Amino acid sequence: MPDHHARRIRRDRAVHAAVAQGLLDSRRTPVAAFVDVAGIARTAAELLAAWPRELDVLHAFAAKANPLVPVLALLLRHGLGCEVSSPGELAQARAAGFPASRIVLDSPAKTQAELAEALRDGIALNIDNFEELERVDRLVADGAVALRTGVRINPQVGIGSIEAMSTAGRTTKFGVAMADPGNRERLLAAYAARPWLRWVHVHVGSQGIPLELNAAGVAEAVRFAQEVNARREGQIEGIDIGGGLPVDFSGDEDNPTFADHVAVLRDAAPELFSGELKVVTEYGRSVMARNGFIASRVEYTKTSGGRAIALTHAGAQVAARTVFAPKSWPLRVLAYDRHGLASTAELEVQDVAGPCCFAGDLMARERKLPKLATEDIVVVPDTGAYYFSSPFQYNSLPMPPVYGFEVSEGDVVRFHVLRAAESIEELVARSGVLPAGLR
């Protein structure tokens, strides 16, 4: 059975079981998120298999895509590393059990303390700019050891269809712009003066980025590494190629695949596969998006201006990108009846709205779906990355529970709490403490 078909079957069974087991209770937990444990294992295996076994590759999952500690721990169990971009993500990676040797630190605004911690603990460090390089210089002069350190370049190869997600345009906040006058020569001189700069980092973007554009950026990083090594043989030991695999949110099938990405990289940068260089990848969305979904009860239905509207509990607080930029981040919405079975109602054009107090809080607009009724279930698939793990706290809506699920023989579905539902008391507690003088 194709994996995407098996994934859909697991999702359907999980929705039905969640309703039967009271995990989508209309009074207490009308919205919840779910993580496909078997899907994570399958995706990790596909990623590892796509790259040649003879290469030294660390697949560092981009924690920003889903920083839930139990999810990170699952990815570690299946052979992945972790790329982090903040003190919080680093703490989450450590809590999940990642050793320093499998962690990579990226960020365009690292503090002195973050840099010192990375060097002290042997965490791979990608330096963003010349000023940051000067900070690292001072730390090295004071005795810090730079074990796995390099500089991020901006190859300036162009942008994709989502400008905000494109990091290799002419102007971007990330990396050293290699085509700007004097920068290439300045960076080559920086490497020549610092034998401890042993890596090169590049990231063109993922969603909205064609594989060929991504590969062009990687090829530029390889060319730069070769220039450095021509001046000092063997100085560059590896290249961190960032992420780079977009997700097709229009259906269940994986397209493109990790193998597709590797094939395009082979054509554009064959030297990357020579075995002379170590490789780090930073896939995020492509690892987790398919392996999670959000489900919500329909609270009310109504009509307005002749169009049906279903009011649900899944909106901007769990899907901010889709609500605020629906053309760039479209998501499917699937209809299930109140028992958690695929709906057989007649199709009707309708809006699927969230709970937030602004008119644009829509998960789907003018979408033809089975007619939704109160107590039905709407499911938003492909939301395992950048959605429920990164809540938008508008209207002080509590974070929904997140359940991992497994389907065993006999179609028995077992759920595990990965993140408990946030209580109202916890929500108030994170809203600040009233000083005694104001009581």
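In table form, for the structure just shown:
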{"quantity": "Candidate set from the range 267-292 (those that are among the acidic types (Asp, Glu) and part of a loop (DSSP other than H, G, I, E, B)); member that is farthest from Arg367 (Cα to Cα)", "calculated": "Glu276"}
{"quantity": "Matching entry among Ile103, Ile123, Ile153, Ile127 (being among the aliphatic types (A, V, I, L, M) and farther than 30 Å from Arg77 by Cα)", "calculated": "Ile153"}
{"quantity": "When residues of the range 1-24 are limited to those that are touching a strand residue (DSSP E or B) at 6+ places or on another chain (Cβ under 8 Å) and outside any helix (DSSP H, G or I), the one surrounded by the fewest Cβ atoms within 10 Å (Cβ to Cβ)", "calculated": "Gln21"}
{"quantity": "Filtered residues of the range 159-202 (kept if at pLDDT below 80, crowded, with 16+ Cβ neighbours inside 10 Å and assigned to a loop (DSSP other than H, G, I, E, B))", "calculated": "Ile159, Gly160, Ile162, Ser166, Thr167, Ala168, Gly169"}
{"quantity": "Condition check for Pro246: part of a loop (DSSP other than H, G, I, E, B) and either under 20 Å from Asp361 (Cβ atoms) or in contact with an Asp or Glu (Cβ under 9 Å, 6 or more places away or on another chain) (or both)", "calculated": "no"}
{"quantity": "Number of the condition not met by Ala215 [criteria: (1) under 24 Å from Arg7 (Cα atoms); (2) buried (at least 16 other Cβ atoms within 10 Å of the Cβ)]", "calculated": "(1)"}
{"quantity": "Pairs, first more than 21 Å from Gly242 (Cα to Cα) and in contact (Cβ under 8 Å) with a residue 24 or more places away in the chain in the range 68-91, second surrounded by 18 or more Cβ atoms within 10 Å (Cβ to Cβ) and of a type in the set (S, T, N, Q), C-beta under 6 Å, six or more apart", "calculated": "Val69/Gln92"}
{"quantity": "Pairs with Cβ under 6 Å, 6+ apart, first in the range 22-49 and more than 17 Å from Asn66 (Cα to Cα) and without any contact (Cβ under 8 Å) to a residue 40 or more places away in the chain, second in a loop (DSSP other than H, G, I, E, B) and charged (D, E, K, R)", "calculated": "none"}
{"quantity": "Residue list for the range 251-271, filter: touching a residue at least 40 places away in the same chain (Cβ under 8 Å), more than 22 Å from the chain's Cα centre (by Cα) and surrounded by fewer than 17 Cβ atoms within 10 Å (Cβ to Cβ)", "calculated": "Asp267, Glu271"}
{"quantity": "Qualifying positions in the range 231-250 - within 29 Å of Lys327 (Cα to Cα) and free of Cβ contacts under 8 Å to residues at least 40 places away in the same chain", "calculated": "Asp248"}
{"quantity": "The range 293-325, residues that are of a type outside the set (A, V, I, L, M, F, W, C), under 20 Å from the mean Cα position of the chain (by Cα) and assigned to a loop (DSSP other than H, G, I, E, B)", "calculated": "Gly315, Gln317"}
{"quantity": "Among the candidates Ala295, Ala221, residue that is over 24 Å from Met178 (Cβ atoms) and surrounded by 24 or more Cβ atoms within 10 Å (Cβ to Cβ)", "calculated": "Ala295"}
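The values are calculated or read from the model by the stated rules, or taken from the named source; none is laboratory data. If you're wondering where the values come from, they're calculated on a predicted model, not measured in any experiment. Note that we place each Cβ from the backbone using ideal geometry, even for glycine, and neighbour counts take in every protein chain shown.
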